[in-house]
Amino acid sequence: MLILTGKPVSDGIGIGPLALFRRAKVSTEVRPVSDREAELARFREARDSAAGQLQALYARALETVGEEDAAIFEIHQMMLEDDEYTEGVENRIKDGLNAEAAVEQTAQELAAIFRHMDDEYMRGRAADVTDVSRRVEQILCGASPMDASAYDKVILAADDLAAEEIMHLDAKKILGVVLSAGSASSHTAILIRNLGIPAVFGVGESMIGEPEGQMAAVDGGSGKVVLNPDAATLTEMQEKQSRFQKDREELEMVRGQESVTRDGQKIEIYANAGHLADLPGVVDNDAEGIGLFRSEFIYLESDDYPTEEEQFSIYKKVLEAMPDKRVIIRTLDIGADKKADYFKLEPEDNPALGLRAIRICLTRPELFKTQLRALCRASVYGKLAVMFPMIISVEEVRKAKAMLWEARKELLSEGVPVADAIETGIMIETPAAALISGELAKEVDFFSIGTNDLTQYTLAIDRQQTNLDAFFDAHHPAVLRLIEMTVQNAHEAGIWVGICGELGADLSLTATFLRMGVDELSVAAAGVLPLRAKVRSLDMQTSEKK
């Protein structure tokens, strides 16, 4: 028996024979090119062919997994057309590289940039660059298409998997997935989760080379993989599998129910989103609103500053998807790890403490005004709330609000309708904001606590530095005291307060947050129902006595 540990990616228990995933081999070795123009043409033909394949996959995915997951293949098509990607490949070919090597080197360079970003979503884009490039390389090498019939009622093991490789498989015949590498925030991970396949990523190379056909058990909730389990372990995993299925059935029972404790304490459970493609998941998981829509991805996925019209179209669709429900859209949070070349930001020794978020908006008023006008125009299509990030002073709030009302006034003078009321709020994600939350609360309608940055700045630990994991404690008393202080100050001023960081989904803290008086928790869409079930299981009067 061999026990491996990796990153839990998709909850559930899968038990069955192990099958190693095999894909066509490609060669990306550097070789001499005599005709560079011909090589450029070969790359462009392969890129166009790849785009056609992705379009076909998108159409198939629409029927199989729905619009939300099908959007993955639209994003891959966009990556193929991205100027930075295309120019990276073509410049290398012009320098004398063969197309296969040029594609591979460009992919590695861009993937490395994504992997070093702080934001989890952006780190996941490294896998997308790799997936798209692998498809182009296979076309360039004339590789044969994948034979999916070989994988039937098996635990699939691989170094990594592309989203399109998952789509070629029959999901009903895949009992579990184990990857030696892989990102938990990749589109592959998202797709596997939405297909309900138990999965563990990042178990290391020790799995590769294990004999095919041996029994394997995958625990996607704990990140444990057991190869060739003994009788006692197999029985334990089978019992856990039965319990998991029962829990899933019970989870469906809270759909449509109020998020209220057994003794009547109510809390709102919202969902976080970053793209239009996330909206079906928000709706399907019965979120009571959107607690954080990350507008910066509109900028990160553009080659130039998005226009007012482009932004308005997106905000309008977000609001229309959530009729009669609050939608909190965070204004631009570019900077630190989230950068777009066209912003031309100067290099910084410590970008997490540098020019980012509201600081960029207030120093580039025309940029900010464009976004605020788009938000005001969209406000008539739903229940909009505008939230300003990285606030550390009352003056910043006043300046941001003044610009919002100026945009509103301009539009009304132009005869453009704007909602009578637009809630304004700020993120509490620095110790400074938490410590002066009493003064800040007088300026806004709500707070949303960003626990990811609040924890990082409070502990003075970069949460992406894995070698500091032993020191990083998201439950640190200092962090919890700052949260509690913020809630108390918000309520004294008569405003509501939510949490939109990762701690909001930490079920071990749900009772603590309810006890503090937190009014709203915003989590990943898939976390809405488990969080509601947790809330409905609690009796705070009993909990208070413990």
Open item on the list: Along each principal axis of its Cα atoms, how long is segment 36-140 end to end? Whole angstroms, biggest number first, please.
Closed with: 42, 33, 19
Open item on the list: On a full-extension model of 0.36 nm per residue, what is the gain between E346 and R60, subtracting their alpha-carbon distance, rounded to one decimal in nm?
Closed with: 98.6 nm
Task: With every protein chain in place, segment 36-140: carbon and sulfur % of accessible area (1.4 Å) - done: 46
Open item on the list: Over segment 265-383, what is the relative contact order in percent, taking alpha-carbon pairs closer than 8 angstrom and at least six residues apart?
Closed with: 28
Task: Fraction in percent of alpha-carbon pairs per bin - 5 Å, segment 186-290 - done: 2, 9, 14, 17, 17, 14, 11, 9, 6, 2, 1
Task: Positive minus negative residues near R115 (Lys, Arg vs Asp, Glu; Cβ under 10 Å) - done: +2
TODO: Would you work out the charge dipole size for segment 36-140 about its Cα centre, treating the Cβ of every Lys and Arg as +1 and the Cβ of every Asp and Glu as -1, and quote it to the nearest 20 debye?
DONE: 400
Open item on the list: Cut-off under 20 Å on the C-alpha distance; same-chain residues fewer than 8 positions from K224 excluded. Which lysines are left, in chain and number order?
Closed with: K7, K153, K240
- [ ] Convert 4 °C to kelvin, take the viscosity as 1.567 mPa s, use the Kirkwood radius over C-alpha pairs of segment 345-500 as Rh, and evaluate the Stokes-Einstein diffusion coefficient in µm²/s, rounded to a whole number.
- [x] 77
Open item on the list: Whole-Hz ³J(HN,Hα) for each residue in segment 74-87, computed from phi via Karplus 6.51 cos²θ - 1.76 cosθ + 1.60 with θ = phi - 60°, x for glycine and proline: what do you get?
Closed with: 5, 4, 5, 4, 4, 5, 4, 8, 5, 4, 5, 5, 4, 5
- [ ] Compute from the Cα atoms of segment 263-537 the Rg and the Dmax, the latter being the longest Cα-Cα distance, and quote both in angstrom.
- [x] 18.0, 58
Open item on the list: Using a probe radius of 1.4 Å on heavy atoms only, what accessible surface per residue do you get for the chain? Whole Å² is fine.
Closed with: 44
TODO: Give, in nm to one decimal, the length gained when the segment between Q108 and K409 is fully stretched (0.36 nm per residue of separation minus the Cα-Cα distance).
DONE: 103.6 nm
- [ ] Give me the distance in nm between label points sitting 7 Å out from Cα along the Cα-to-Cβ direction at V380 and F472, one decimal.
- [x] 4.6
Open item on the list: Treating only the Cβ of Lys, Arg, Asp and Glu as charged (+1, +1, -1, -1), what charge dipole size does segment 328-384 show about its Cα centre? Round to the nearest 20 debye.
Closed with: 440
Task: Simple label model, 7 Å out from Cα along Cβ direction - A460 to D170, nm - done: 6.0
Open item on the list: Need one value: the accessible area of I314 in square angstrom, 1.4 angstrom probe, rounded to the nearest 10.
Closed with: 40
Open item on the list: Starting from the 7 Å offset along Cα-to-Cβ, what nm value, one decimal, do you get for the label separation of A143 and M1?
Closed with: 3.7
- [ ] Give me the lysines in straight-line cross-link reach of K246: C-alpha distance below 16 Å, same-chain residues under 8 apart excluded.
- [x] K534
Open item on the list: Taking amide H atoms as placed 1.01 Å from N in the peptide plane, list the residues 5 or more away in sequence, or in a different chain, whose amide H sits under 5 Å from that of F472.
Closed with: none
Task: Rounded to whole Hz, the Karplus (6.51, -1.76, 1.60) HN-Hα couplings of segment 532-541, x for glycine and proline - done: 5, 4, 5, 4, 5, 8, 8, 10, 5, 5
Open item on the list: Please compute, over every Cα-Cα pair in the chain, the percentage with a separation greater than 38 angstrom.
Closed with: 33
Task: Along each principal axis, Cα extent of segment 218-358, largest first, Å - done: 61, 41, 27
Open item on the list: Report for the chain the percent antiparallel among DSSP-assigned beta bridges with both residues inside it, nearest 5.
Closed with: 30
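The values are calculated or read from the model by the stated rules, or taken from the named source; none is laboratory data. Keep in mind that what you see is a predicted model, and the values were worked out from it rather than measured. We place every Cβ from the backbone using ideal geometry, glycine too, and count neighbours over all the protein chains shown. The protein model used for the area step is the full one, side chains on, heavy atoms only, and it has no ligands, DNA or RNA in it. Shrake-Rupley method; radii C 1.70, N 1.55, O 1.52, S 1.80 Å.
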